[in-house]
1. Using only DSSP helix segments of four residues or longer, with each worth -39500 (n - 2.57), what per-residue ellipticity at 222 nm results for the chain after dividing by its residue count and rounding to 500?
2. With r as the distance between the Cβ atoms of residue 26 and residue 250 and R0 = 41 Å, compute the FRET efficiency 1/(1 + (r/R0)^6) and round to 0.05.
3. Per residue, how large is the accessible surface of the chain? Use a 1.4 angstrom probe and give square angstrom.
4. At a Förster distance of 22 Å, what's the computed FRET efficiency of residue 33 paired with residue 54, Cβ-Cβ distance as r, to 0.05?
5. Can you pull the accessible area of residue 98 for me, 1.4 Å probe, Å² to the nearest 10?
6. In nm², what is the average projected area of the convex hull enclosing the Cα atoms of region 1-128?
7. If you stretched the chain out fully between residue 44 and residue 8, how much longer would it get, using 0.36 nm times the residue separation minus the C-alpha to C-alpha distance?
8. How far apart, in nm, are two points set 7 Å out from the Cα along the Cα-to-Cβ line at residue 76 and at residue 133?
Amino acid sequence: MVKKVLGWTYASLIMLFLYAPILVLMLMSFNASRYNALPIEFSMRWYKDLAGNDTLIGAALNSVYIAAATGFICVVLATMLMLWVVQTNSKLKEWINSLVIVPLTIPWLILGLSILLLLSALGLDKNYPVLLIGHVVVSLPYAVLVIRARLQSLDLTINEASASLGANEWTTAFRITLPLLFPAMLAGGFLSFVISFDNFIISYFLIPSGSSTLPIEIYSSIKFGFTPEINAVSTILLAATASVLVIIFFIMRTSLKYIFK
């Protein structure tokens, strides 16, 4: 009994440590005080102000667009690469498999600065395609790890069985392999989306002049004068993220039932 109580207490403290700051941020988004004074006086003031803050909304939308493109590209690249790795006998596959994960070990500050110096050496200005490439570089390893783990748990002899029954490579890919990988692709894409959306360093180095993303706007807000509208937009994004997680959960559960029924 004592061990059970201690276990629940320990788990509760860990959850409190992890999520208390987020809960405070959400509560303060409904606080009428600009300076987060207590006690909390409920108000929707900051959400109304946010609706008229085109700069903050534009930065948030930029982050969503960049992160969505990054997530999609990472899923496509990671899926193609991992399928090639498990099906080829090339001696290069172990090197490639390892090199894709290397960006995880390189500080983002170094990566961002390196890409910026490369642009400067080529005589190019900062632009969105290069920004997207930078986000893909730092997000791709996460999608690769998720999809690789899924592939390693699959019995790929099912592809040989499909071929023996007369299915061609495209039919096998779209009717068997990709449905089996779909939960991992979804998880890898969402993880890449989150990594890209939250990325400040790469965006700071590579975003074109006159443009911004939400992390950069938050940094600027804190640097030059914090506004509780940041709390409001952060709360909206947290709610949207939670909703997406719920949707992904049901999609994954449905897809797995369909595959293994």
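The values are calculated or read from the model by the stated rules, or taken from the named source; none is laboratory data. None of the values given here were measured: they were computed from a predicted structure. Glycine gets a Cβ as well: all are built from the backbone with ideal geometry, and neighbour counts include every protein chain shown. Keep in mind that these areas ignore ligands, DNA and RNA; they rest on the heavy atoms of the full protein, side chains included. Shrake-Rupley method; radii C 1.70, N 1.55, O 1.52, S 1.80 Å.
1. -25000 deg cm²/dmol
2. 0.95
3. 62 Å²
4. Efficiency at R0 = 22 Å is approximately 0.35.
5. Residue 98 has an accessible surface of roughly 70 Å² with all protein chains in place.
6. Averaged projected area of region 1-128's Cα convex hull equals 16.1 nm².
7. Result: 9.4 nm gained on full extension.
8. 1.6 nm
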